[in-house]
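Quick notes on the structure that follows.
The values are calculated or read from the model by the stated rules, or taken from the named source; none is laboratory data. Everything numeric here is computed off the predicted structure, so don't read it as measured data. All Cβ positions, even for glycine, are placed from backbone atoms using ideal geometry, and neighbour counts span all protein chains on display.
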Amino acid sequence: MTMLHSLPLAFLLTNDDGSACSLMDLFQKGHEIMWPILLLSFVGITVVVERLLFVLRENAAREPEVVEKMLESVERRDIDGALAIGKKSKDFIARILFYSLTNKEFSLSNAFVRASGQELARFSQGMATLDTVITAAPLLGLLGTVTGMMRTFGALGGGNISAAAGTITGGVAEALIATACGLLIAVTALLPYNVLNARAERAKQEIADASHALEILLKKSETMPPFAR
């Protein structure tokens with residue numbers, strides 16, 4: 001055991017010839033557990049890139065002035081005018097209002113709930129996968145720690161520590177590399193996950209605000225005298 005404590009940590013990050021470990025060398029020292037960790041990293045990167053592109057597209061498609069004009073038309077009892085304004089809009093609020101007003105005669109509230117649910121599902125897409133990556137990556141790193149320590153203690157149990165020095169350091173390296181990679185993936189994915197969650201919550205608030213505004217303006221237009229301006 002004294003030999004294990006006397007080994008510098010840098011020894012775990014160098015090759016047998018004394019050269020610094022490359023990423024591929026570290027991957028190989030992490031042994032089999034690095035494959036599922038690598039797969040998780042690819043899944044996480046794919047989801048993050050796709051979601052960030054989605055948010056950028058949605059932000060670029062926002063047309064708050066169209067939403068305001070639609071609500072102003074509703075206030076003037078000009079439902080057809082509101083539908084004409086929002087018909088070609090790519091703004092998700094305008095699409096919800098358009099669908100709701102189109103089905104106003106059947107059930108305005110149900111139409112709004114259905115349309116808003118479809119839009120919110122688009123904002124939530126991929127979030128469960130990203131949450132799984134954040135949760136599973138440290139657990140896989142911990143599994144790598146266990147297997148590395150098992151390899152280390154198995155070598156120590158042989159009695160000849162000097163002959164098993166390579167196996168001992170290899171087990172320690174496996175434990176450290178797997179843990180570090182798992183934590184790195186989780187920490188890296190956590191920031192975009194929170195950003196995407198915040199964007200989805202903001203979309204919920206915008207939809208709720210549009211719902212309240214639509215309900216108020218419809219009630220207001222119903223109580224106005226005919227042809228009032």
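Which of the residues spanning region 9-35 are modelled with pLDDT of 70 or more and under 14 Å from residue 174 (Cβ atoms)?
Passing the criteria: 25, 26, 27, 28, 29, 30, 31, 32, 33, 34, 35.
Between 108, 120, which is part of a helix (DSSP H, G or I), in contact with a Lys or Arg (Cβ under 7 Å, 6 or more places away or on another chain) and not charged (D, E, K, R)?
Exactly one residue qualifies, and that residue is 120.
Can you tell me how many residues in region 216-227 are assigned to a helix (DSSP H, G or I), touching a residue at least 40 places away in the same chain (Cβ under 8 Å) and surrounded by fewer than 15 Cβ atoms within 10 Å (Cβ to Cβ)?
Total meeting the criteria: 1.
Could you grab me the full set of residues in region 31-73 that are buried (at least 17 other Cβ atoms within 10 Å of the Cβ) and polar (S, T, N, Q)?
Selection gives 41, 73.
Taking the criterion of being acidic (Asp, Glu), out of contact with any Leu (no Cβ under 6 Å at 6 or more places or on another chain) and modelled with pLDDT of 95 or more, would at least one residue in region 43-55 satisfy it?
Yes; the residues of region 43-55 include at least one that is acidic (Asp, Glu), out of contact with any Leu (no Cβ under 6 Å at 6 or more places or on another chain) and modelled with pLDDT of 95 or more.
List the pairs whose first member sits in region 124-136 and is under 19 Å from residue 38 (Cα atoms), whose second member is acidic (Asp, Glu) and exposed (fewer than 15 other Cβ atoms within 10 Å of the Cβ), and whose Cβ atoms are under 8 Å apart, counting only residues at least 6 apart or on separate chains?
Qualifying pairs under 8 Å: 126/50.
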